[in-house]
Amino acid sequence: MKYRAASARPLVAVVTPVYNGGAYLEAAMHSVQQQTYDRLIHVVVDNCSDDNTSGVIDRFRSQRVELITSRNNNVLPVRENWTEALCAVPAETSYVKFLCADDLMRSDCISRFVEVAESDEKIGVVLCDDIFIDKVHRANLPPDQTVFDGIEIVGKMLDESINWLPYHHLFVRFHGGTQSAKFFDDAPLHFDFAAVVRSSLGSKIAYLHTPFVYTRWHSNSLTSQQLGANQLRTLLERFDILCNFGDRCWDESTFRNKKEYMRARMIRLAIKWTVMGRWDAAQELLRGLKERQVAPNAADWGRSIVDWIPHAKWKRGWHLPTGPKIDEAMFRSEEF
C-alpha cells in the first residue's frame, strides 16, 4: 500500500513496541490519535503480551490515524522487539517517532518535530524537553538555539556533559531497508542512546526547548529499567559506546583523554565499592576493565583518587534545575 503521494507532506510513523502494556497503552495510543499532523500512521508491535494489550489495540482500529500491527510468536528481549517494530515501518515513511507504550505526546508534537526537521535536510534527529517524574527536564543547551552540529552534540553525549536527553523519544529521519534491522545493534541495554549517537554523527540534531513529551515512571518502564539497571553494566556499556564512536568526535589526543577520564571514574567507583564492602561488585568492575585491556596499575589508583573532588565539582556545575511540575492530568489537558 502507498501511504504518500509525491506532493504530500512527509509520512511519519509513530512506532510503539509493547509488552504487557495494557495499563497505560490506551493513553499512549490516544495521544497518537490526537496529533494535529495529518500524514501519520501508528505501528504497534505486541511482544506476545498475556494481559489485555491486544484488546486495547483493537479498540483503536478504524480510527483517524491508521494502525499497522503485528504480534510476536514468542516474547523477545526489549531491544529485539524495538527492532521488530522498526522493521514494520513502511518504506514510504520519511520520519519515525518512537513512543513507548506508557509515554505520551502533546497533540502538536509530531507537527512541530516535522516542521523543524523539514527546515534543514541535514537534520537527522529531533529531541525536546521531557516531563519525567512529573517535572520538566531539559538539556543544558543554549535556549536561543534549536539546530546543532551532530558531532558536537554526540561528543557532549559521550562525555556526559549534556545533563539530560530523552533518547527513548527519538524522532529520526527514516532510511529504511537493511538499516532498520541494525538500527539498535550498538548496545544491548542503552540501545536508544547508541542509536541517537550513530544517527547524529552524520547529520545535525534539533532540540526543541518545549516539553512535547511525557515519560511515565513505573517499575516496568524502559526508563526505570535502564536507570535502575546494574550500575556496573551501565558504565561498561557507556565506555564501550565512547570507545566505538569517540574517534568521530575528537582528535586522537582528546579522544585518549576522554577514555582515560571515564576509565578513572570506574576506578573510583571500584574504590568506593571496596570501602563499602561491596567486594564482588568491585572485582567484577575490575574484571570488566581487564577484559577491555584497560586494567588500572598502581599509578592509576592514585590519580583517580586525586581527581575525585574536581570531577564531583565539574558534574555539579552543569546540572540544570528541573521544573515546573506538570503531572499527567495537566499534560493531557495541555493547560501549561
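What separates the Cα centres of the stretch 40-103 and the stretch 116-151 is a distance of 25 Å. Short-range pairs are left out: with C-alpha atoms under 8 Å and at least six residues apart, the relative contact order of the chain is 19 percent. Extension gain, Glu334 to Asn244: 0.36 nm times the residue separation minus the Cα-Cα distance gives 28.3 nm. Hey, in the GNM for the chain with a 10 angstrom Cα cutoff, which one of Asp108, Asp46, Asp192 fluctuates hardest? For the chain, modelled as a Gaussian network with Cα springs under 10 Å, the answer is Asp108. From most to least packed by mean Cβ count within 10 Å, the peptides 285-295, 124-134 give 124-134, 285-295.
When DSSP beta bridges are restricted to pairs lying wholly in the chain, around 35% turn out antiparallel. Taking 0.36 nm per residue of sequence separation and removing the Cα-Cα distance, the Glu284/Asp251 pair yields an extension gain of 8.8 nm.
Evaluated with a Cβ-only charge set (Lys, Arg +1; Asp, Glu -1), the chain carries a dipole of roughly 720 debye about its Cα centre, given to the nearest 20.
Taking all protein chains into account, the per residue accessible area for the chain stands at 47 Å² (1.4 Å probe).
Each eigenvalue of the Cα gyration tensor of the stretch 5-85, multiplied by 5 and square-rooted, gives one semi-axis; in descending order these are 23, 15, 10 Å. The charge dipole of the stretch 1-107, taken about the Cα centre with unit charges on the Cβ atoms of Lys, Arg (+1) and Asp, Glu (-1), comes to about 540 debye, rounded to the nearest 20. Between Ser70 and Ala8, with labels modelled 7 Å along Cα→Cβ, what's the label distance in nm to one decimal, could you check? So the label points at Ser70 and Ala8 sit 2.1 nm apart. Projecting the Cα atoms of Val96, His169, Asn72 onto the dipole axis of the stretch 54-172, where Lys and Arg carry +1 and Asp and Glu carry -1 at the beta carbon, places Asn72 farthest toward the positive end. The sum of -39500 (n - 2.57) across all DSSP H runs of n ≥ 4, divided by the residue count of the chain, sets its helix-only mean residue ellipticity at 222 nm to -13000 deg cm²/dmol.
A straight Cα-to-Cα reach below 16 Å connects Lys259 with the lysines Lys156, Lys290, residues fewer than 8 places away in its own chain not being considered.
For the stretch 1-146, the residue among Asn140, Met29, Val116 whose Cα projects farthest onto the positive side of the dipole built from Cβ charges is Val116.
Only one item in (i) 18.6; (ii) 17.7; (iii) 20.0 matches mean projected area of the Cα convex hull in nm² derived from the coordinates shown, and that item is (i). Seen against the Cα atoms of the chain and their longest principal axis, helix 109-118 is set at about 80 degrees.
Among Ser107, Ser31, Ser253, the residue with the largest mean-square fluctuation in a Gaussian network model of the chain, with springs joining Cα atoms closer than 10 Å, is Ser253. Taking the protein heavy atoms of the stretch 36-130 in the context of the full set of protein chains, the accessible area attributed to carbon and sulfur is 43 percent at 1.4 Å. Decide, for the stretch 87-158, between rounded, prolate and oblate: order the square roots of the alpha carbon gyration tensor eigenvalues as a ≥ b ≥ c, take rounded if a/c falls under 1.5, and otherwise choose prolate if a/b is larger than b/c, else oblate. It comes out oblate by the Cα gyration axes.
Extending 7 Å from the Cα toward the beta-carbon at both Asp108 and His30 defines two label points whose distance is 2.2 nm. Loop-resident trypsin sites (Lys or Arg not before Pro) (DSSP state other than H, G, I, E or B) in the stretch 1-70 with no more than 14 further Cβ atoms inside 10 Å of their Cβ: Lys2, Arg61, Arg64.
The values are calculated or read from the model by the stated rules, or taken from the named source; none is laboratory data. Being a predicted model, the structure only gives us computed values, none of them experimental. Neighbour counts run over all protein chains shown; Cβ positions are idealised from the backbone, glycine included. Just so you know, the surface numbers come from the protein's heavy atoms only, side chains and all, with ligands and any DNA or RNA stripped out. Shrake-Rupley method; radii C 1.70, N 1.55, O 1.52, S 1.80 Å.
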